[in-house]
Amino acid sequence: MLRFGIFSLENSLSSSVWRSTVQLLAASFRQVCEKMTEIKITICDEYKAAEHLVTRPADFTHVLSIRSPEDRDIDGFSDFPAGQKCRVSFDDVTHNPDLMEKAGYLPPNRGHAEDILDFAKTIKEPAHVLIHCHAGISRSSAAAYILLCAIRGPGSEEQSMVDVYNAREVAMPNSLLVRCGSDLLHETHGHRVFQVYETLARRRWATNPYRRI
């Protein structure tokens, strides 16, 4: 009888621990899902972004402007609230960064990724972030991806990448910027930021006319 009582107690404790674990996991999953719905992104080219900022700036809570070093700010950017905008300047380089740098280009590096991730820390849900580069294809989509991963946290990588593609059908994220962001997020996300990007980008390789990995 004593042995049966101990077995029942152990069984009951195990069930209780299991239920608590499941409840914690479910709560974490709900938190991730809530964050996914509370962050909206718009990815576009510089001309559309300028149009948005001039005609309806109130639609956006934050602006992330990706420019080449020699480019001036787009129209409407200077009028947007200072604490809710960020400009990061680098060229759209995806291969041979050392060679391209010698040729006079500025490839994306860890410093640029740090600027984007620092900006992500200032964004509180709910938010609508306008993100642009020159064409709205490579640099802006990469910036949007690492920004979403940083805000949403580990486990959001697949959905964040899907959200980028849904926001910009022609998106082909700049691989160097994604790599830099992934390295900086490694402590919390492991290698998944770059791995997920690479897997999903390769699936689109044959069908997307803007082929860049």
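Just so you know, all these numbers are worked out from the coordinates, no wet-lab data involved. Because the structure is predicted, anything quoted here is derived from the model rather than measured. A quick note on method: Cβ atoms are made from the backbone with ideal geometry, for glycine too, and the neighbour counts reach across all protein chains shown.
Brief remarks follow.
- Scattering curve values for the range 29-120, log₁₀ I(q)/I(0), Debye with Cα scatterers, q = 0.11, 0.21 Å⁻¹: -0.41, -1.10
- Per-peptide packing, taken as the mean over residues of other Cβ atoms within 10 Å, places 166-172, 75-81 in the sequence 166-172, 75-81 from highest down.
- The orientation-averaged projection of the convex hull spanning the C-alpha atoms of the range 99-213 amounts to 7.4 square nanometres.
- Backbone HN-Hα couplings from phi across the range 195-200 [Karplus 6.51/-1.76/1.60, Hz, Gly and Pro as x]: 4, 5, 4, 4, 5, 6
- 5 angstrom amide H check on residue 128, placed H, neighbours 5+ away: 40, 61, 62
- For the range 153-163, backbone phi angles converted through the Karplus equation (6.51, -1.76, 1.60; θ = phi - 60°) give residue-by-residue couplings of x, x, x, 9, 4, 4, 5, 5, 5, 4, 5 Hz, Gly and Pro being listed as x.
- Amide H within-cut-off set for residue 136, under 5 Å, with H built and near neighbours excluded: 46
- Calculated from backbone phi, Karplus (6.51, -1.76, 1.60) coupling profile of the range 167-181 in Hz, x at Gly/Pro: 6, 9, 4, 8, 4, 9, x, 5, 5, 5, 5, 4, 4, 5, x
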